[in-house]
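Reading through the structure tokens given below for one structure.
The values are calculated or read from the model by the stated rules, or taken from the named source; none is laboratory data. Because the structure is predicted, anything quoted here is derived from the model rather than measured. With ideal geometry, Cβ positions are generated from the backbone for all residues, glycine too; neighbour counts draw on all protein chains shown. Just so you know, the surface numbers come from the protein's heavy atoms only, side chains and all, with ligands and any DNA or RNA stripped out. Shrake-Rupley method; radii C 1.70, N 1.55, O 1.52, S 1.80 Å.
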Amino acid sequence: MSYPGHSTHLLQPLDVGLFAPLQNAYGEAVVQHMKETCTGVAKGTFWAFYCAAEAKAYTKSNIKSAWRATGIVPYNPDAVLTKLPSYKPTHHWVPKVPTTPQSFKLLQTPKNRRDLCQQTHDAISHLETDPALSGTAKESSIALLRRLAHQSEAALTRAQMQKLKQQISGGSMQARRLQEQTNRSSQKLWL
């Protein structure tokens, strides 16, 4: 997951609900100290002020309100979107969640080459039998899946080769066997 640029002040719970109270509490402690002693903050006093400010700012209610203000818990994207100057909500947002076991299977991240190959095959089979797709849309979707699978295969091969090079430089016999396996598997044709 990643955030759009220049948006963390709206999207991250720490930025929204915890750092500002921490900054305020620490600032108040420093101002009070300066009024009383007419000196600044030294290394010895910093931690005392910071710990007191942290205890004051990081309360259970502040943490809960930070998650609520960013729309994470409970899930509410409008909590953030309404803070944007150009947003006007038109309807209540409801996430689309796949409901069929096959669609869940298609969404799983492959963990190895076999998973990648199997999921690519399953996805292409699903597209080929999907009555909602036809003609050019179906062909381009299948071609895209094959290109992505090929690129993923190539990335896996490069990563495995890099690992093997490191092992070979150490003189490992097992690395040579793994390199032979990698060479055989990289010659395997895709679908």
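Multiply the residue separation of Thr39 and Gln12 by 0.36 nm, subtract the distance between their alpha-carbon atoms, and state the gained length in nm to one decimal.
6.2 nm
Around Glu28, under 15 Å between beta carbons, what's the net of Lys plus Arg minus Asp minus Glu among the other residues?
Once all neighbours under 15 Å are counted, the net charge is 0.
At a 1.4 Å probe radius, carbon and sulfur cover how many percent of the accessible area of the range 26-85?
Its accessible area is 67 percent carbon and sulfur atoms.
Largest first, what is the accessible-area ranking of Arg114, Arg68 with a 1.4 Å probe?
From most exposed to least exposed: Arg114, Arg68.
Identify all aspartates and glutamates with a Cα-Cα distance to Lys163 below 16 Å; exclude those on the same chain that are fewer than 8 residues away in sequence.
Once the sequence-local aspartates and glutamates are set aside, what remains near Lys163 is Glu153, Glu180.
Among Gln23, Cys38, Thr59, which residue has its Cα positioned farthest towards the positive end of the charge dipole of the range 2-69, with +1 placed on the Cβ of Lys and Arg, -1 on the Cβ of Asp and Glu, and the dipole taken about the Cα centre?
Positive-end residue among those listed: Thr59.
Each label point is 7 Å from the Cα along the Cα-to-Cβ direction; what then is the distance between the points at Asp78 and Cys51, in nm?
Label at Asp78, label at Cys51, 4.5 nm between them.
Mind checking the full-extension length gain between Thr109 and Met161? Use 0.36 nm per residue of separation minus the Cα-Cα distance, one decimal, nm.
Full extension of this stretch gives 16.5 nm more.
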